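Notes to accompany the following structure.
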Amino acid sequence: MCYYMNMQRTIRLRLNPTPEQSDTLLETLRQHTTCFNAVAAYGWMHAEKNGVRLHHATYYGLRERFPNLPAQLVIAARVRATEAVKSALVRRNRGKLAS
């Protein structure tokens, strides 16, 4: 029997982007954050914590709004927002402060 260990290593690199690249990175982060906030707001307003339903409710609108943002980043923002909404709704249902 042969077992292979999949070893992962994290390497930190310093980026030295040009001013144009820096602007592009900042704009990508801004759009990603806006997607996160939009999904979180929708989930909170509709008390929806199901990721599939949040995806169906928000994905296409966000893709239209941010056509240059890669689809995977829209989805990643939805996944993060889903977890945040789940956590906030659980806190609220337990009578704790949540917003």
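Values in this text are rule-based calculations from the coordinates and carry no lab data. Model, not experiment: these values are computed from the prediction. For neighbour counting, all protein chains shown are included, and Cβ atoms are generated from backbone atoms with ideal geometry for every residue, glycine included.
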DSSP loop chymotrypsin sites (Phe, Trp or Tyr not before Pro) in the chain with at most 13 other Cβ atoms within 10 Å of their Cβ, which ones? 3, 4
Per GNM of the chain with C-alpha springs under 10 angstrom, the most fluctuating residue out of 32, 55, 46 is 46
Given the options 37, 16, 68, state which has the largest fluctuation in a GNM of the chain using a 10 Å cut-off (strictly under) for Cα springs. 16
Residue-averaged [θ]222 nm for the chain, counting only DSSP H segments that reach four residues, each worth -39500 (n - 2.57): -23000 deg cm²/dmol
Could you tell me which residue out of 61, 73, 93 lies farthest along the dipole of the chain toward its positive end? Charges go on the beta carbon: Lys and Arg +1, Asp and Glu -1, centred on the Cα centre. 93
Can you compute the modelled spin-label distance between residue 9 and residue 63, with each label point 7 Å from Cα toward Cβ, in nm? 3.9
What label, among (1) 13.4, 40; (2) 12.2, 36; (3) 17.8, 54, belongs to Rg and Dmax of the Cα atoms in Å computed from the structure on display? (3)
Return the loop-located trypsin sites (Lys or Arg not before Pro) in region 11-99 (DSSP other than H, G, I, E, B) with at most 10 other Cβ atoms within 10 Å of their own Cβ; answer none if there are none. 12, 14, 94, 96
FRET efficiency, 1/(1 + (r/R0)^6) with R0 35 Å, evaluated for residue 21 and residue 87 via beta carbons: 0.55
Taking the Cα centre of the chain as origin, sum charge times position over the Cβ atoms of Lys and Arg (+1) and Asp and Glu (-1), and report the length of that vector in debye to the nearest 20. 580
